[in-house]
Amino acid sequence: MEKLSKPIGIVYILIAIGMLTNGIYNANQNIPDQFNLYWMATAGAFLIGILSLLFSKGLIASTYISRILVGALFIVSGLIKANDTLGFSFKLEEYFAEPALNWPIFEPYSLVLSIFIAASEIVLGFAVLFGALIRLSSWALLGMILFFAWLTYFTASCNDAQLIAMEQGIEFSGDCVTDCGCFGDALKGSVGRSLTPWESFFKDITLLIFVMPIVFMQGKIKFNTLKDDKIILPAALIFTIIVGAWLFGWWFPTLFTAIVFALYLFIKQNLVRESQVIPSAIVVILASFGFALYTINYLPIKDYRAYSVGSNITEKMNDGKDGIYNDLMVYENKETGEILEIDQNEYMKRWKEIEASYKFKDRVQRVIEEGISNSISDFKPYKFYTNLNSEEQKNTVLKSEITAIYDQYFQKVHVLENVQYGYTDSVLEIDYDASLYPLSDTTWVYKGLIEAELDPTKQMEVDFTTYLLNLDKVLFIISYDLDLSNKEAWEKLVKIAEDAQSKGIKVYAITNGLPAMTDKLNKELGANLDFLTMDATELKILIRSNPGVLYLEKGTVKQKWDFNRLDKLELGN
């Protein structure tokens, strides 16, 4: 043990020194890590290195610490993914798409993979805490961490390359994934923003720092004794409170962990030691995969997205903040080569000195305070102008939306018929010159001023956003993919829509389908549902069920239902 401890300690100290040196060296360039995950990894390397190098049982202590931190964090992280396996599958699809990793062969299996990865994280977390099947568990942990570290590094590098291309005015081929999916959604819902790709990479490096002692010590780690349980289980439970309840505002990971711990201890108390591992593993596997399957059939039990129950969509569309930037001119001293960055006001005070001693190099923009995007930016349901019903045509809000864009789609046109040759000529009102079209029985006959579409292939899209968010009560039936939506649920939804309308509640079905698809569905259902169209990506964020139901009052989400619980949908009077 001591022979292994000192070399590992030296390696970790060297890694820590290297990370510290790199961090200090790049301090002027600002390591993109507002969560200080890079420095957490550095501190972790120092901690393991010092413990392993200076104390006879330092490596054992490092292993205990690593098992507690890695095990608890994997449980919380896995539960966050398993809470929204459908959302995680959407993120995997982004990675597998041709412009990103170009692994289209995996796209059809995104949902299966999301369930497997999420549940596996939970299982591995408990396996590390219990010391069960540790050789298999430690290598699986290492493989998972290395893969995700590579993936986040690839993503971060892609985003950097895209940014450089934009700055240089070069066309960038590819499509970068911008955040870390479910974990990012959870952070947005708790601390206000997701991890950047580089922060996700540093998170994986931090985990790698703590996973390695478990790999090194796998031959010494056995299924927990009573002493191990007394050290590891309470500490892991406390850590789930810190990460789950404090960071993510979610007590469920602590409750889930406590229940599994209780079942595990019950098994250990009632079975002989040789028979404890397999039943413990079965309990963990059933609990982990069972939770993932539950959230697929129903909705996430914790909704971190901007359309969660209680959220006001109008407020979420306006909760961002403009960034503060400083436009600077860059000058180089003609003699010393010194670089001077100066704003316009300061330049005007020193312009004689600057013009005499410096030469202009460039203009740059420095960020004083980063802007914050609105929580919701793509909620834009629309209906084609030709499909508006009489009530919608008279509505003042919708008429205002029509007026704002009318000239982009329609133009008044003078129509004249040539008497001699029998053809018709159409001239835009702004281009019409009456002197060029003398009216007589032998030349031109004026047929009238009409409104014509500028481009018949482009129908006017009337934005329903403001109209919908100001309705006292409105029920949304959401389907992000009509072709894949549950057909039996639509029959129930027709009756629900009729019931809602009888109570004075407006009902709109919002889908990714164009009128031809929605008309076909109405015909199949023998219904007259009022359909709007919206981008499928945003519909997936609204609700994970396909179809699903949202009930709003004055833009505030009051309730959500998945298609498996439509029988329990109650709107009141």
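The values are calculated or read from the model by the stated rules, or taken from the named source; none is laboratory data. Remember, it's a predicted structure, so these values are computed and weren't measured experimentally. Cβ placement follows ideal geometry from the backbone for every residue including glycine, while neighbour counts extend to all protein chains displayed.
Suppose we filter segment 415-427 for residues that are out of contact with any strand residue (DSSP E or B) (no Cβ under 7 Å at 6 or more places or on another chain) and touching a residue at least 12 places away in the same chain (Cβ under 8 Å); how many remain? Quick ask: steps written out before the conclusion?
Pass one, segment 415-427, residues out of contact with any strand residue (DSSP E or B) (no Cβ under 7 Å at 6 or more places or on another chain): 420-423.
Narrowing the set further to residues that are touching a residue at least 12 places away in the same chain (Cβ under 8 Å) leaves 420.
The number of residues fulfilling the criteria is 1.
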One residue from S5, S120, S77 being over 30 Å from G290 (Cα atoms), in contact (Cβ under 8 Å) with a residue 40 or more places away in the chain and among the polar types (S, T, N, Q): S5
Please determine, by comparing only the residues of segment 407-426 that are aromatic (F, W, Y) and surrounded by 15 or more Cβ atoms within 10 Å (Cβ to Cβ), which one is farthest from E461 (Cα to Cα). F410
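Working carefully through the options E93, E98, find the one that is at pLDDT below 90 and part of a helix (DSSP H, G or I).
E93
Per-residue answers, yes or no, for (1) under 30 Å from E461 (Cβ atoms); (2) touching an Asp or Glu at 6+ places or on another chain (Cβ under 8 Å); (3) of a type in the set (F, W, Y):
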{"position": "M329", "(1), (2), (3)": "no, yes, no"}
{"position": "E338", "(1), (2), (3)": "no, yes, no"}
{"position": "Y347", "(1), (2), (3)": "no, no, yes"}
{"position": "E353", "(1), (2), (3)": "no, no, no"}
{"position": "N387", "(1), (2), (3)": "yes, no, no"}
In segment 451-465, anything surrounded by fewer than 12 Cβ atoms within 10 Å (Cβ to Cβ) and out of contact with any Phe, Trp or Tyr (no Cβ under 6 Å at 6 or more places or on another chain) is listed as D455, P456, T457, K458
With the requirement that a residue be in contact (Cβ under 8 Å) with a residue 40 or more places away in the chain, under 19 Å from Y406 (Cα atoms) and part of a strand (DSSP E or B), what does segment 428-474 give you? E451, A452, E453, E461, V462, D463
Does segment 63-84 include one or more residues that are in a helix (DSSP H, G or I) and exposed (fewer than 15 other Cβ atoms within 10 Å of the Cβ)? no
Any idea which of T511, T465, T518 is of a type in the set (S, T, N, Q) and either touching a Lys or Arg at 6+ places or on another chain (Cβ under 6 Å) or more than 20 Å from L542 (Cα to Cα) (or both)? T465
Index of the failed condition, S288 passing every other in (1) touching a helix residue (DSSP H, G or I) at 6+ places or on another chain (Cβ under 6 Å); (2) more than 27 Å from L113 (Cβ to Cβ): (2)
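Results for (1) at pLDDT 95 or above; (2) surrounded by fewer than 17 Cβ atoms within 10 Å (Cβ to Cβ); (3) in contact with a helix residue (DSSP H, G or I) (Cβ under 6 Å, 6 or more places away or on another chain); (4) under 30 Å from R305 (Cα atoms), shown as yes or no for each residue.
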{"position": "P213", "(1), (2), (3), (4)": "no, no, yes, no"}
{"position": "M217", "(1), (2), (3), (4)": "no, no, yes, no"}
{"position": "T225", "(1), (2), (3), (4)": "no, yes, no, no"}
{"position": "A235", "(1), (2), (3), (4)": "yes, no, yes, no"}
{"position": "I242", "(1), (2), (3), (4)": "no, yes, no, yes"}
{"position": "W250", "(1), (2), (3), (4)": "no, no, yes, yes"}
{"position": "T254", "(1), (2), (3), (4)": "yes, no, yes, yes"}
{"position": "V260", "(1), (2), (3), (4)": "yes, no, yes, yes"}
{"position": "Y264", "(1), (2), (3), (4)": "yes, no, yes, no"}
Looking at T403, is it without any contact (Cβ under 8 Å) to a residue 24 or more places away in the chain, within 27 Å of E315 (Cα to Cα) and not assigned by TED's automatic domain parsing to the domain that holds P108? yes
Which numbered condition T314 fails, given (1) farther than 29 Å from S89 by Cβ; (2) surrounded by fewer than 13 Cβ atoms within 10 Å (Cβ to Cβ); (3) in contact (Cβ under 8 Å) with a residue 60 or more places away in the chain: (2)
Of the residues in segment 103-147, those that are farther than 24 Å from T257 by Cα and either charged (D, E, K, R) or surrounded by 17 or more Cβ atoms within 10 Å (Cβ to Cβ) (or both) come to E107, S110
Being in contact with a strand residue (DSSP E or B) (Cβ under 6 Å, 6 or more places away or on another chain), modelled with pLDDT of 90 or more and buried (at least 20 other Cβ atoms within 10 Å of the Cβ), is that true of even one residue in segment 288-299? yes
Unique residue being free of Cβ contacts under 8 Å to residues at least 24 places away in the same chain, over 23 Å from F147 (Cα atoms) and in the same structural domain as G143 (by TED's automatic domain parsing) when the list is G58, G49, G23: G23
Would you please name the residue that is nearest to the chain's Cα centre (by Cα), looking only at residues in segment 148-158 that are crowded, with 18+ Cβ neighbours inside 10 Å and small (G, A, S)? A156
Please return the ranges of strands (runs of 3 or more DSSP E) entirely within segment 354-427 where 1 or more residues are closer than 27 Å to L475 by Cβ. 382-384
Please specify each residue of segment 214-259 satisfying the condition of being among the aromatic types (F, W, Y) and outside any loop (DSSP other than H, G, I, E, B). F216, F239, W246, F248, F252, F256
Please specify each residue of segment 263-306 satisfying the condition of being small (G, A, S) and assigned by TED's automatic domain parsing to the domain that holds F248. S275, S280, A281, A287, S288, G290, A292
Please enumerate the residues belonging to segment 1-43 that are under 13 Å from G58 (Cβ atoms), modelled with pLDDT of 80 or more and not β-branched (V, I, T). S5, K6, P7, G9, Y12
Members of segment 39-62 found to be in a helix (DSSP H, G or I) and more than 23 Å from E199 (Cα to Cα), listed by number: G49, I50, L51, S52, L53, L54, G58, L59, I60, A61, S62
Tell me, yes or no, whether segment 538-551 has at least one residue that is more than 26 Å from K91 (Cβ to Cβ) and modelled with pLDDT of 95 or more. yes
The helices (runs of 4 or more DSSP H) lying wholly within segment 478-573 that contain at least 1 residues that are surrounded by fewer than 18 Cβ atoms within 10 Å (Cβ to Cβ) and of a type in the set (D, E, K, R) are 487-502, 515-525
Against the condition among the hydrophobic types (A, V, I, L, M, F, W, C) and more than 19 Å from V309 (Cα to Cα), how does F531 come out, does it pass? yes
Mind checking whether some residue in segment 183-196 is acidic (D, E), under 19 Å from the mean Cα position of the chain (by Cα), at pLDDT below 70 and crowded, with 19+ Cβ neighbours inside 10 Å? yes
